[in-house]
Structure formats: structure tokens, C-alpha cells
Amino acid sequence: MPSYEDDLSSFERYDTQVLGISVDSIPSHEAWQKSIGGITYPLCSDFYPHGQVTTAFGVLRDEGFPERTLLVIDKQGIVRFIDVHPIGEQPDNEEIFQILRSL
């Protein structure tokens with residue numbers, strides 16, 4: 001069974017960067033990362049102005065936090081793929097790899 005790190009290196013083979021984004025503050029991100037033993041990708045804060053980036057992508061919920069969303073943006077800044085998942089579900093990376101192969 002592939003590890004999470006294997007999945008991240010697979011994204012690198014497609015010349016892509018995995019990023020996380022949340023409307024929490026940077027200190028909150030740091031505390032969360034520390035509590036789970038760290039993460040291996042950048043985590044961006046959409047804290048102030050609250051949710052400006054997630055609102056621009058149409059994924060900020062009325063409750064003030066974003067949907068679990070996967071975006072594939074090409075090097076020209078064009079959004080090529082958007083997929084919104086229920087908060088409790090982990091997205092399937094193979095689906096994203098299929099999209100990346102088609103670009």
C-alpha cells in the first residue's frame with residue numbers, strides 16, 4: 001500500500017505542487033501540524049481577509065470554512081480541474097493523476 005509520501009512524490013513527477021489551504025491563522029496551522037507530527041507540503045492561511053481566496057474559488061461555506069476541494073491549476077494560472085468532496089472524505093489521488101496525465 002503506497003504511503004502519503006509516495007503520493008506526494010508522484011505529484012512531483014507531474015511537475016506539480018501540493019498545497020493545503022485553510023481559513024485558520026498561521027499559529028493555528030503550526031499547532032495543528034505539530035499535533036500530527038508535521039506535514040510534507042505547504043499549508044496556506046486564508047485567514048485575513050477571512051476566506052478571500054476560498055471565496056474567489058467559490059468553496060467557502062456559509063459557516064466560514066472551506067469545502068474540501070481539489071484544484072488543478074496549470075503553469076499559466078488556469079484552473080483545469082475542480083473537485084469538491086464531503087469534509088469527512090479523503091479524495092482519491094488516482095483521479096487527480098488521471099487529470100494530470102491528460103494535461
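Would you pick out the residues in the stretch 31-49 that are loosely packed, with under 13 Cβ neighbours inside 10 Å and either touching a residue at least 60 places away in the same chain (Cβ under 8 Å) or of a type outside the set (A, V, I, L, M, F, W, C) (or both)?
Selection gives LYS34, SER35, GLY37, GLY38, THR40, TYR41, PRO42, TYR48, PRO49.
Give the number of residues within the stretch 50-69 that are without any contact (Cβ under 8 Å) to a residue 24 or more places away in the chain and among the hydrophobic types (A, V, I, L, M, F, W, C).
Result for the stretch 50-69: 1.
I'd like to know if the stretch 51-74 contains one or more residues that are loosely packed, with under 11 Cβ neighbours inside 10 Å, outside any helix (DSSP H, G or I), of a type outside the set (Val, Ile, Thr) and on the phi < 0 side of the Ramachandran plot.
Yes, the stretch 51-74 contains a residue that is loosely packed, with under 11 Cβ neighbours inside 10 Å, outside any helix (DSSP H, G or I), of a type outside the set (Val, Ile, Thr) and on the phi < 0 side of the Ramachandran plot.
All of the numbers you see were taken from the coordinates with simple rules; none came from a lab. Since the structure is predicted, the reported quantities are computational estimates derived from the model, not experimental observations. Note that we place each Cβ from the backbone using ideal geometry, even for glycine, and neighbour counts take in every protein chain shown.
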